[in-house]
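Enquirer: Take a look at this one; I'll ask things after.
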Amino acid sequence: MSTSTVVLTGCLAPEAGALTGCLTPIDKGGLEKLIEAGKANPQVIKTLKCKTVAEGRFRHLNYIRNLEPYIVDEPPGLLGDDTAPNPSEASLAALGSCLAVGLHANAVHRGWTVRKLELQLEGDLNITAVWGTGDVSEKPVGFTDVRVKVDMECDGIPAAEVQALITHVKKWSPVANTFTRPVNLDVSL
């Protein structure tokens, strides 16, 4: 069982500088522009790209936009060098980050002040197939169950409203949808 955590500490206020010592929230004006652009053209599809380069053993450099490489490795138990998250852990981190972004954006959109936002993620997967070289009998490959616990504290917002927000964000999270619905995948030479 793997556990990942996404943590935003401090205070995430709806207006920059609204509370002393708060983290700067996302730009509400910028958020409103994104909302209007999405409503104006709801069929827009954006293609994201990543170039993965094997560096040695199971360590890989992933080049995204013009950022420094995002490293993915395996732990020693899976014959890696333990220098970075493994691919499954990275997918949990992507899910946690996507949900946290959605929670933050929706809270700001509603005018909520967020005091705490922390997500605990864990997922169960069978690794006995050893990437197709081990036990390749019929069984689910990849995560069979993923659990996310959200600890979100918002000034004056009842728990039922926070839960409704969590449900809304899960429905609209691109990464959560990737986890919960089939995706067309083409892998070729």
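The values are calculated or read from the model by the stated rules, or taken from the named source; none is laboratory data. This is a predicted model, so every value here is computed, not measured. When we count neighbours, we look across all protein chains shown, and the Cβ atoms used for this are built from the backbone with ideal geometry, even at glycine.
Enquirer: For segment 136-150, give me each residue that is in contact with a strand residue (DSSP E or B) (Cβ under 8 Å, 6 or more places away or on another chain) and either loosely packed, with under 11 Cβ neighbours inside 10 Å or on the phi < 0 side of the Ramachandran plot (or both).
Expert: Lys139, Pro140, Val141, Phe143, Thr144, Asp145, Val146, Arg147, Val148, Lys149, Val150
Enquirer: Okay, moving on. Restricting to segment 146-189, give me the number of residues that are within 18 Å of the chain's Cα centre (by Cα) and over 30 Å from Val108 (Cα atoms).
Expert: Matching residues across segment 146-189 total 2.
Enquirer: Yes or no: segment 120-141 includes at least one residue that is in a loop (DSSP other than H, G, I, E, B), over 30 Å from Leu61 (Cβ atoms) and touching a residue at least 24 places away in the same chain (Cβ under 8 Å).
Expert: So far as segment 120-141 goes, no, none of its residues is in a loop (DSSP other than H, G, I, E, B), over 30 Å from Leu61 (Cβ atoms) and touching a residue at least 24 places away in the same chain (Cβ under 8 Å).
Enquirer: Do you know which residues across segment 105-151 are charged (D, E, K, R) and farther than 19 Å from Ala94 by Cα?
Expert: Arg110, Arg115, Lys116, Asp135, Glu138, Lys139
Enquirer: Would you be able to tell me the number of residues in segment 41-69 that are surrounded by 10 or more Cβ atoms within 10 Å (Cβ to Cβ) and more than 21 Å from Val187 (Cα to Cα)?
Expert: Adding up the residues that qualify gives 2.
Enquirer: Can you name the residue in segment 128-145 that is modelled with pLDDT of 90 or more and among the acidic types (Asp, Glu) and, of all such residues, is nearest to the chain's Cα centre (by Cα)?
Expert: Here the answer is Asp145.
Enquirer: I'm trying to understand the selection: among the residues of segment 151-183, which are aliphatic (A, V, I, L, M), part of a helix (DSSP H, G or I) and surrounded by 14 or more Cβ atoms within 10 Å (Cβ to Cβ)?
Expert: Hits for segment 151-183 are Val162, Leu165, Ile166, Val169, Val175, Ala176.
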